[in-house]
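The values are calculated or read from the model by the stated rules, or taken from the named source; none is laboratory data. What you see is a predicted model, and the numbers here were worked out from it, not measured in a lab. Counting neighbours? That spans all protein chains shown, and the Cβs are built from the backbone with ideal geometry, glycine included.
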There are 2 protein chains.
Amino acid sequence: MGEVYEKVIEIASRRGFFWPSFEIYGGLGGFYTYGNLGTRLKRNIEDLWREIFVRRHGFHEIEDPIINPSRVFEASGHIQHFREYVLECTRCGRVSRADHLIEEELGIPAQSIDGSEIERLVREGGIRCPDCDGELKDPATFLTMFQTSIGARGEDVGYARPEAAQGMFLNFRRCLQQARGALPLGLAQVGKVLRNEIAPRRGLLRLREFTIMEVELFFDPQNPSCPWFEKVRDKEVAILTEEMQGRGERNPVRMTLGEAASKGLIRTEWQAYFMGLSEEFIEMLGIPGGRQRFRGHLPEERAHYSAQTFDHEVYLESWGWVEVAGHAYRTDYDLSAHQRHSGVDMTVMRGDGTRFTPHVVEPSFGLDRLVYAALEASLRIREGRNILALPPSIAPIKVSVFPLVAKDGLPEVAREVQRRLLDSQLASEYDERGSIGRRYARSDEAGTPLAVTVDYQTLKDGTVTIRDRDSWRQVRQRIEDLPTLIKRYLRGEIAFSELGPSAGDVEGRDLSC
Amino acid sequence: MGEVYEKVIEIASRRGFFWPSFEIYGGLGGFYTYGNLGTRLKRNIEDLWREIFVRRHGFHEIEDPIINPSRVFEASGHIQHFREYVLECTRCGRVSRADHLIEEELGIPAQSIDGSEIERLVREGGIRCPDCDGELKDPATFLTMFQTSIGARGEDVGYARPEAAQGMFLNFRRCLQQARGALPLGLAQVGKVLRNEIAPRRGLLRLREFTIMEVELFFDPQNPSCPWFEKVRDKEVAILTEEMQGRGERNPVRMTLGEAASKGLIRTEWQAYFMGLSEEFIEMLGIPGGRQRFRGHLPEERAHYSAQTFDHEVYLESWGWVEVAGHAYRTDYDLSAHQRHSGVDMTVMRGDGTRFTPHVVEPSFGLDRLVYAALEASLRIREGRNILALPPSIAPIKVSVFPLVAKDGLPEVAREVQRRLLDSQLASEYDERGSIGRRYARSDEAGTPLAVTVDYQTLKDGTVTIRDRDSWRQVRQRIEDLPTLIKRYLRGEIAFSELGPSAGDVEGRDLSC
């Protein structure tokens, strides 16, 4: 933790990536606000995800309500299972998460232990209230969904959804019909979910309101093969299986996804495929494969609906291994549960006339965590200056546009250049305040890959300088060629040096004013 | 109402635009689900709005939580004012909205009347419970926000926001700082809002959970001019002012925005500017200016924060005039209220050292209503077939790709064509089922502007036919030129006939199978 986290948080709130919500009223744990840069970064990551997980496969994206009536979550099992053990102080009334308190007080992992084990540990460990040292009540469970009532008479109890997945199960039949009955069917959703976390913490990593990106892939368990699997079969990933963890292994093994699938370590081809895509996607956010791993959930750790779950974790300097996605094999759990509770038939007919309940594999991503992880992974310090070396595809602003000085007609030309870039759908910002060196520094800290400067030579020959955020090198190019060339650079089709002839390195000489 | 509405709703739910949520559990009023086509259409409208209202001006977009602690809405006045009068039955307990019930029973407009007037009308009109004919209690007010409690001890009362605007006021100081102190400052937000409507109805028009797109424009009341106003000054719009309504006028007057602003009918230039943009934007959704008007709110009709409000209304065959946007002059109401309640200084310093509280103009759009309005306005019936003549820029799918027949290698080529279009970021769908005529019909009903067909000639010369959704005409073009040409067509740069030499009109001959 410590230094890196503090630095990211400081840059984020000062520059407008994100900051704690409701600041003027003293804040409220677990709620964050995205600013101009953060909103763009978040949307860029979402769009990239949609391209990779949804669009390429022709999956159908849906949008289902956040508030659901209680019968949805009774059927899904959330009312029963989406709970945490809490310990309440008999004296001051403070409520603590049992697992956190035990971990802090006794230093042992306590994520998956049950009520009687908690009771024993509290008693034997002599754990008392961390605030007032009062005695603790017996462990109780707390439903971590936000509850509300719907209608003028409060006739329906509603909950804010803690995951987006139920929307895909509730609407499965209608969506299958719209897709004209064909399985496999991928249904995707990106949207807000809410969890009444007892102990929100670590900024964007544990929020009460956050954005989730999910695919539910419905397939026939008798025909479980994934047509895209060949694309990832030879990809090598780091896996820490259930069984390895059971043996006390702490280091993952590297193996290909094909091997993991054929050995049954990953139980379905679809899940192995999505794990491969997931690794590629996270790499595109600037986190290399060497800092990623898949950790299998132990049986007692798995959600109530899952037959197999892998957490996709990334290594962050601040917090160590952090889960950014979950890959769950939900089998027919949810469709069967809704069929039971609603009386609506959820089965599908095969060509041979037999009926079956589709099985489901789910890759699920926490978008806010990805925003944080991408930001932290991008942080570089060079000559005492902060640089966010974000991949160009997700950088909030693609090009800064500066007049060398704010006089002699340079601002007018620079504004014209910016308009031209905006018209070409290139997110750009104009800045004329302070020295050019300071402006480069500001641009680097916003993660902007390129800075275009209009100088006196521009007035003579219509060329500008283009500066690279990461190398601080500069090239010169004609204004009219900027949009096309810059787009090709951002897509990774050409290198920076191909943007134009070198204009020398003029960095660092003008940071004084 | 009636026929058109039923038709739109039928197409929407069958084809996957939208349908009532929680169907398998009998539904829940005021909640709708978007499917594959609807999610795309909705996002396309959102993106167009963002381009026109946010990006062009360099405004800052933010994302603030949906759940807010109660003190936010105490300060904003919502806890006090965001209420409806209700009438509860003493016998069966049914709760009705007072204004709806009076309108239905007595046929008089009752939107803005107060409790004592309601009491009088109920008594004199002999209004009783519409369900059981029981006697009604005295009118009471009902807070139409969803309430919840936050934290394990329920220590904070929270509400789901009924508008996105408070996010911009709460974060104004920080955003102003990030924008380096410059006014005018535009802050935008697109997001979910929730209202516990007593009587949700008319599908997407009155939802309990919906998406709002808002700009709060902060300016110095001593410097109220809008730098973009020239762009709309000569634009003529239809306005029904407060004063005209006071005189009983029912027909709006057409005048330029310049005239309306200089006469003081629209009190600020910024508001007049946004009203002009608003009309342009709605036109781009396929609703011509002649079906739009701006209706000024009467004082008793205005929200508690507003000094002047114009509803932007569009004429729908189904429902008559329907509000799709609101343009409110919120003055310094909100910033002053939050300053009072939080103790945080919300003033800004002028160059001369004097301080002031910025004034705010707000254009606010209901995205779900726009989706419905655009769909209804696009509906055409031709030879008994439904066509959604959506503007290409917002159509969910841009190009359908068909093999003429599903054999002889045509499907393989067609899939390759589709891949090429997808790679060029052109939303496209492949379909090989049923006759080509049926597939054209399906494509038209999905609002897809173009259909590309791979036929036997394709195998010889690499050309395909391109068919126009609206005229059913066809041209031929080489596969490799499709992406560039189609993009130009979708942007409105070239006409359909410029997509290639005519290939004749082959419509209607093959609808049999």
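Among the residues of the stretch A:236-245, just one is among the charged types (D, E, K, R) and buried (at least 17 other Cβ atoms within 10 Å of the Cβ), namely A:242. Restricting the stretch A:246-288 to residues that are under 16 Å from residue A:363 (Cβ atoms) and without any contact (Cβ under 8 Å) to a residue 24 or more places away in the chain leaves a set whose member that is surrounded by the fewest Cβ atoms within 10 Å (Cβ to Cβ) is A:283. Among the residues of the stretch A:187-197 satisfying the criterion of being modelled with pLDDT of 95 or more and more than 7 Å from chain B (Cβ to nearest Cβ), which is nearest to residue A:28 (Cα to Cα)? The selected residue is A:195. The set of residues in the stretch A:334-368 being among the acidic types (Asp, Glu) and within 13 Å of chain B (Cβ to nearest Cβ) consists of A:334, A:345, A:368.
Put simply, of A:416, A:480, A:493 the only residue that is of a type outside the set (Phe, Trp, Tyr) and within 26 Å of residue A:378 (Cα to Cα) is A:493. Within the stretch B:246-277, which residues are assigned to a helix (DSSP H, G or I) and among the charged types (D, E, K, R)? Listed by number, the residues that qualify are B:259, B:269. The strands (runs of 3 or more DSSP E) falling completely within the stretch B:1-109 that include 2 or more residues that are within 11 Å of another protein chain (Cβ to nearest Cβ) and farther than 29 Å from residue A:62 by Cα map to B:83-88, B:95-97.
Of all the listed residues (B:394, B:387), the sole one being more than 14 Å from chain A (Cβ to nearest Cβ), of a type outside the set (D, E, K, R), closer than 21 Å to residue B:486 by Cα and assigned to a strand (DSSP E or B) is B:387.
Conditions (1) touching a helix residue (DSSP H, G or I) at 6+ places or on another chain (Cβ under 7 Å); (2) in contact (Cβ under 8 Å) with a residue 24 or more places away in the chain; (3) not hydroxyl-bearing (Ser, Thr, Tyr), marked per residue:
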{"site": "B:412", "(1), (2), (3)": "no, no, yes"}
{"site": "B:429", "(1), (2), (3)": "no, yes, yes"}
{"site": "B:441", "(1), (2), (3)": "no, yes, yes"}
{"site": "B:466", "(1), (2), (3)": "yes, yes, yes"}
{"site": "B:472", "(1), (2), (3)": "no, yes, yes"}
{"site": "B:489", "(1), (2), (3)": "yes, yes, no"}
{"site": "B:494", "(1), (2), (3)": "yes, no, yes"}
{"site": "B:502", "(1), (2), (3)": "no, yes, no"}
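Taking the criterion of being buried (at least 21 other Cβ atoms within 10 Å of the Cβ) and of a type in the set (A, V, I, L, M, F, W, C), the residues of the stretch B:322-336 that qualify are B:324, B:325, B:328, B:335. Among residues of the stretch B:88-109 that are on the phi < 0 side of the Ramachandran plot, those with a beta-carbon under 7 Å from a residue that is basic (Lys, Arg) and assigned to a loop (DSSP other than H, G, I, E, B) at least six positions away or on a different chain give the pairs B:88/B:137; B:90/B:137; B:95/A:153.
When residues in the stretch B:173-186 are screened for being touching a strand residue (DSSP E or B) at 6+ places or on another chain (Cβ under 8 Å) and at the interface with chain A (Cβ under 9 Å from one of its Cβ atoms), 4 of them pass.
Per the listing A:227, A:200, A:221, the residue uniquely surrounded by fewer than 17 Cβ atoms within 10 Å (Cβ to Cβ) and within 14 Å of chain B (Cβ to nearest Cβ) is A:227.
Considering the stretch A:175-245, the qualifying strands (runs of 3 or more DSSP E), each wholly inside and each with 1 or more residues that are in contact (Cβ under 8 Å) with a residue 12 or more places away in the chain and hydroxyl-bearing (Ser, Thr, Tyr), run over A:209-219. Scanning the stretch A:154-171 for residues that are under 15 Å from residue A:214 (Cα atoms) and touching a Phe, Trp or Tyr at 6+ places or on another chain (Cβ under 7 Å) yields a count of 2. In the set (1) more than 14 Å from every other protein chain (Cβ to nearest Cβ); (2) among the polar types (S, T, N, Q); (3) crowded, with 23+ Cβ neighbours inside 10 Å, the condition left unmet by residue B:378 is number (3). Only one entry in A:38, A:30, A:16 is in contact with a strand residue (DSSP E or B) (Cβ under 6 Å, 6 or more places away or on another chain) and buried (at least 20 other Cβ atoms within 10 Å of the Cβ), namely A:38.
For the stretch B:229-247, a residue qualifies if it is out of contact with any Lys or Arg (no Cβ under 8 Å at 6 or more places or on another chain) and either more than 13 Å from residue B:266 (Cβ to Cβ) or modelled with pLDDT under 95 (or both), and the qualifying residues are B:230, B:231, B:234, B:241, B:242, B:243, B:244, B:246, B:247.
Here B:96, B:21 are screened, and the one residue that is over 27 Å from residue B:179 (Cβ atoms), at pLDDT 95 or above and surrounded by 22 or more Cβ atoms within 10 Å (Cβ to Cβ) is B:21. Tell me yes or no: at least one residue of the stretch A:146-158 is more than 7 Å from chain B (Cβ to nearest Cβ), surrounded by 19 or more Cβ atoms within 10 Å (Cβ to Cβ) and assigned to a strand (DSSP E or B). Yes.
Let's see how each residue does on (1) touching a Lys or Arg at 6+ places or on another chain (Cβ under 7 Å); (2) buried (at least 18 other Cβ atoms within 10 Å of the Cβ); (3) hydrophobic (A, V, I, L, M, F, W, C):
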position: B:305; (1), (2), (3): yes, yes, no
position: B:320; (1), (2), (3): no, no, no
position: B:338; (1), (2), (3): no, yes, no
position: B:353; (1), (2), (3): no, no, no
position: B:359; (1), (2), (3): no, yes, no
position: B:366; (1), (2), (3): no, yes, no
position: B:371; (1), (2), (3): yes, yes, yes
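Residues that are surrounded by 15 or more Cβ atoms within 10 Å (Cβ to Cβ) and within 11 Å of chain B (Cβ to nearest Cβ): does the stretch A:120-134 have at least one? Scanning the stretch A:120-134 turns up no residue that is surrounded by 15 or more Cβ atoms within 10 Å (Cβ to Cβ) and within 11 Å of chain B (Cβ to nearest Cβ).
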